[in-house]
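The values are calculated or read from the model by the stated rules, or taken from the named source; none is laboratory data. Everything numeric here is computed off the predicted structure, so don't read it as measured data. All Cβ positions, even for glycine, are placed from backbone atoms using ideal geometry, and neighbour counts span all protein chains on display. Ligands, DNA and RNA are stripped out before the accessible areas are found, and what is left, the full protein with its side chains, is counted by its heavy atoms. Shrake-Rupley method; radii C 1.70, N 1.55, O 1.52, S 1.80 Å.
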Amino acid sequence: MSSSPVHPILIDTSGLIAAANTKLWPEVCDNLKLTTTNVCEHELTRHVRDKNEYAPEDSREYQLHHGSQKTLDVMDEEDVPITTVNCVPRPHGSDAGEESLRRQLSQDPDPYSLVILMDADGRRSIRRTIQSQNESIPVVGPPYLFYLLKDKGIINRQEFCEACGEMIDNEGWTGYKAVKAAWEGIPVDCSDCLDDRLLPP
């Protein structure tokens, strides 16, 4: 696992887990250059340690354990472009991962062209930090990773739509606000591919 170079897509723990639990995780690892923080890496390690790997497959505990393990597995591979940066001072608490992204952007926004996380409060906080530095970096949800793959021609629209639906369903992001947040910034109509409950309002 390397601490350099810093890659342009900054992503938090939940974003990594959400992507890792989909069929397109290998394509994400092979084609997108991601950066996370040591705080998020620690959260992934904690999920692997504390969550039961034998929990029911449709349970959140199973998703957290196995999504975290898949992420850590590829972070140990030298040829996978996921790098970790150290956040100093290191935040603590339930929102430590998101806060570590915000601190990273407040101290050194230049390497980043995109921020990926799901939590609405975390996004607002990070956007304020970015704006306070007169920077313009989009802050979007984890399904945006698949839009990047589609934009590069790596997957087609059908595969893109199905992957977004898979992620939203897996993560339980099916409430009105969650679905809307998941699709934010994605200019693709998937209404012919997905159930209404997985589509933006």
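Quick notes on this one:
- Only one of Leu148, Leu199 that is open to solvent by 10 Å² or more (accessible area, probe 1.4 Å) and under 19 Å from Asn31 (Cα atoms): Leu148
- Residue satisfying condition, being among the small types (Gly, Ala, Ser) and in contact with a Phe, Trp or Tyr (Cβ under 7 Å, 6 or more places away or on another chain), within set Ala18, Ala55: Ala55
- Considering the range 50-69, and only residues there that are among the hydroxyl-bearing types (Ser, Thr, Tyr) and assigned to a loop (DSSP other than H, G, I, E, B), the residue that is least open to solvent (accessible area, probe 1.4 Å) turns out to be Ser59.
- The helices (runs of 4 or more DSSP H) falling completely within the range 112-201 that include 2 or more residues that are closer than 25 Å to Thr84 by Cβ and not small (Gly, Ala, Ser) map to 120-132, 144-151, 157-171.
- Among the residues of the range 98-112, the one identified as in contact with a strand residue (DSSP E or B) (Cβ under 7 Å, 6 or more places away or on another chain) and either open to solvent by 60 Å² or more (accessible area, probe 1.4 Å) or over 13 Å from Ile130 (Cα atoms) (or both) is Ser100.
- Enumeration of residues in the range 9-49 that are touching a strand residue (DSSP E or B) at 6+ places or on another chain (Cβ under 9 Å), open to solvent by less than 50 Å² (accessible area, probe 1.4 Å) and assigned to a loop (DSSP other than H, G, I, E, B): Asp12, Leu32
- Leading residue by the ranking (most open to solvent (accessible area, probe 1.4 Å)) among those in the range 163-189 that are acidic (Asp, Glu) and within 14 Å of Asn21 (Cα to Cα): Asp169
- Test: residue in the range 70-80 that is closer than 23 Å to Glu166 by Cβ, surrounded by 18 or more Cβ atoms within 10 Å (Cβ to Cβ) and touching a Gly at 6+ places or on another chain (Cβ under 9 Å): no
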